[in-house]
Amino acid sequence: MAATPIAVVTGASSGIGAATARQLAAAGYRVVLTARRKDRIEALAAEINEAGHQATAYALDVTDRAAVDEFATAFRTLAVLVNNAGGALGADPVATGDPADWRQMYETNVIGTLNVTQALLPALTGSGDGTIVVLSSTAGLSTYEGGGGYVAAKHGEHVLAETLRLEIVGTPVRVIEVAPGMVRTEEFATTRFRGDTEKAAKVYAGVDAPLTADDVADTITWAVTRPSHVNIDLLVVRPRAQASNSKVHRTS
Ligand code: 8X3
């Protein structure tokens, strides 16, 4: 009997990461959930196991290279890596943005993805059929006022995905980039505005049905489960009410 393929999901403690872990588990992967918040990923792993699927939890900060390398020693082969950990901090103009925020966003979104991808690439290649997903953003493809450091970091992730795809062509590993637009999750905007829930709510005010974490997890799972020779290079997904980063239809 063939072994159950393993999928590692970073940032699996909430939002798109958690939804992706649930959906990949339901699609037949043994899912390894990683995030800094151990209690959350342990609870989610228990929920997935109770549903009759397979999951384990491993507390990990993707910016800690030594910890990432240690984590990677557990994998001789790996089918899927979903680089989801990351996020936004602040929405200040370039003129006044805090360099510390820019640095932190680069560190979590770009270096975090780089760390985990580098550490697990041998196992992905060794599987003979590996898939790397980079969860970037429409902020990785064009800018908007106040996007500043987040847009710069997401462009970095986009470039990482594009460059890696060029460099490893000919190996049995796909690089898929999924770039969501407006997604309403419990934490993204609240983290961006440092706990200011009023500011966070304004992001989605009057928007008829922003995407949900499940909508994005669905696109990730679809891309990952295409036949091995099919590489979904870049999948841009927005709610119907959003035509571009700055063109959003609001009813109020
Ligand atoms: C999230 C999309 O528009 O907040 O990655 O930058 S946006």
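So the values come out like this:
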{"read-out": "Options 35, 79, 3; residue that is closer than 24 Å to residue 176 by Cα, among the aliphatic types (A, V, I, L, M) and without any contact (Cβ under 8 Å) to a residue 24 or more places away in the chain", "value": "3"}
{"read-out": "Qualifying residue in region 231-250 (condition: modelled with pLDDT under 95 and more than 19 Å from the chain's Cα centre (by Cα))", "value": "yes"}
{"read-out": "Boolean, residue 193 is among the aromatic types (Phe, Trp, Tyr), within 16 Å of the ligand (Cβ to nearest atom), under 16 Å from residue 136 (Cβ atoms) and open to solvent by 30 Å² or more (accessible area, probe 1.4 Å)", "value": "no"}
{"read-out": "Any pair with Cβ under 6 angstrom, 6 or more apart, that starts in region 205-233 at a residue that is farther than 13 Å from residue 25 by Cα and ends at one that is small (Gly, Ala, Ser) and surrounded by 15 or more Cβ atoms within 10 Å (Cβ to Cβ)", "value": "207/241; 208/241; 213/15; 213/19; 214/19; 232/223"}
{"read-out": "Filtered residues of region 196-220 (kept if on the phi > 0 side of the Ramachandran plot and open to solvent by 50 Å² or more (accessible area, probe 1.4 Å))", "value": "209"}
{"read-out": "Helices (runs of 4 or more DSSP H) wholly inside region 142-240 containing at least 3 residues that are of a type in the set (Asp, Glu)", "value": "148-167, 213-224"}
{"read-out": "Filter result (part of a helix (DSSP H, G or I), among the aliphatic types (A, V, I, L, M) and without any contact (Cβ under 8 Å) to a residue 12 or more places away in the chain) within region 93-140", "value": "100"}
{"read-out": "Hits in region 105-141 (condition: open to solvent by 50 Å² or more (accessible area, probe 1.4 Å) and either among the aliphatic types (A, V, I, L, M) or within 16 Å of the ligand (Cβ to nearest atom) (or both))", "value": "106, 114, 141"}
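The values are calculated or read from the model by the stated rules, or taken from the named source; none is laboratory data. Everything numeric here is computed off the predicted structure, so don't read it as measured data. Neighbour counts are summed over all protein chains in view; Cβ atoms, including those assigned to glycine, are modelled from backbone coordinates with ideal geometry. Heads up: the accessible areas ignore ligands, DNA and RNA and are worked out on the full protein's heavy atoms, side chains in. Shrake-Rupley method; radii C 1.70, N 1.55, O 1.52, S 1.80 Å.
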